[in-house]
Amino acid sequence: MQWQADTIQAVVFTAPFGSAREASAVWADLFPGDTPDGYQRNPASPNLQSSASGERLGYAVSVSTQVGHIAINLNQVFRQLPGLISSPSGPPRIEDVPAATQLLVDLAKRISLESDPVRIAVVIDLGATINGELKASLFQDSLPGVPFPEGATDPSFSFNAPTRFARAAWLVMNRVCTWSTGQFGFVAGNAQGMQAGLPMTMSNYIGCKVDVNTAPGQIVPRALSQPIFDELRDEALAIVRDQLRRFA
C-alpha cells in the first residue's frame, strides 16, 4: 500500500492549569515577522481557544491553542485551475511524508523551547482512496498475519505498544496505531460557468493513524524536549514505513 498523509500533527501539552498562549503568538515563534492569513479567537470558551492558519513552506499550516495544549498541523495545499471541482480521487494528501514530518518537528521544537512541555506527541494520519468494497484483504500488506475472517469487510485494528526512549529510559513512549476504513465526502468547489452547489463526492478510504507520544503522568525535561521530539519522529516514520512489521 502506498500511503499518503491526510494530516501530520505535532502537539505540545503544557500545564493544564496554566495560562494559554495565543495562536498568533505561537505563529510568531514559528514564522518571525509574519502574520497568519487567518486568525480566530474564542474569548468565551472556558479553555481560551484560538487558531491561526496560512499557506507556508509549501503546506497549509494551522496552529490551534488552548489551556494546556498547542497543536501544529500540516496539510497538503489544494489547487486546481481554472475552476475548482469535486475530485474523484478524494482530498489532497501529502506525498512525501518523511520530509513533511521532518519539517513539522523542526517547527514544533521551536515551540517546545518557548514552553514548559508536560507531554509531546507526533501524529501521522495516513489515508488512501479505495474504489470498490472495503475488504480486509486491503490490509494484507500492512497487517500480515492478522486473522481477519475470509471475506470480512469494514475492518479495523488497533493497539498501543509502549516502549522506552533511548535518550531517557525512565520515560515511556506510547505507540498507538489504528488501521480503519470509512467513507469521506469531499467538495473542492465549483467549476467556472457551472451551476453552484455541486454534489459532494463520496469515496471509500482506508486509513492508518500513528500516534506516538510521551505517556501521561510523566514530565518531559525541557532540556530533553528536542531529542525526544526526534525520537518520536523517527519512531512514527518507522511505523509508517514498516507498518505492523515494526513490532515483530
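From the backbone phi of segment 28-34, what are the Karplus-calculated ³J(HN,Hα) couplings (6.51 cos²θ - 1.76 cosθ + 1.60, θ = phi - 60°) in whole Hz, Gly and Pro given as x?
5, 5, 6, 10, x, x, 10
What FRET efficiency do you get for Phe17 and Met202 if R0 is 41 Å and r is their Cβ-Cβ distance, rounded to the nearest 0.05? Write out the running numbers ahead of the final one.
Details: r = 43 Å, r/R0 = 1.06.
After rounding to 0.05, the efficiency reads 0.40.
Enumerate the amide H contacts of Ala152 below 5 Å, restricted to partners 5 or more residues apart or on another chain; note that Pro and chain-start residues carry no placed amide H.
Ala136
What's the magnitude of the charge dipole for the chain around its Cα centre, counting Lys and Arg as +1 and Asp and Glu as -1 at the beta-carbon? Answer in Debye, nearest 20.
Details: 18 positive and 22 negative charges, 71 e Å.
I would put it at about 340 debye.
Cα convex hull of the chain: how many Å³ per residue? Show your work: numbers first, answer last.
Details: hull volume 37.3 nm³, N = 248.
So the per-residue Cα hull volume is 150 Å³.
Go through segment 101-116 residue by residue and turn each phi into a ³J(HN,Hα) via Karplus (6.51, -1.76, 1.60, θ = phi - 60°); whole Hz please, and just put x for glycine and proline.
Along segment 101-116, the couplings run 5, 4, 4, 4, 5, 4, 5, 5, 4, 5, 5, 5, 6, 8, 10, 10 Hz.
With n ≥ 4 as the cut-off for DSSP H runs, can you work out [θ] at 222 nm for the chain, using -39500 (n - 2.57) per run divided by the number of residues, rounded to the nearest 500?
Details: 3 runs with 44 residues, N = 248.
The helix contribution divided over the chain gives -6000 deg cm²/dmol.
Residue-wise, which Karplus ³J(HN,Hα) couplings in Hz belong to segment 117-133, taking 6.51 cos²θ - 1.76 cosθ + 1.60, θ = phi - 60°, and x for glycine or proline?
x, 9, 9, 9, 8, 10, 10, 10, 9, 8, x, 8, 6, 10, 9, x, 6
When ranked by the protection proxy of mean other Cβ atoms within 10 Å per residue, highest first, what sequence do the peptides 56-65, 209-218 form?
Values: 56-65: 19.8, 209-218: 17.5.
Most protected by this proxy first, the peptides run 56-65, 209-218.
Laboratory data are not the source of any read-out in this text; all were calculated from the coordinates shown. Model, not experiment: these values are computed from the prediction. Quick reminder, even Gly has a Cβ in these numbers, built from the backbone with ideal geometry, and neighbours come from all protein chains shown.
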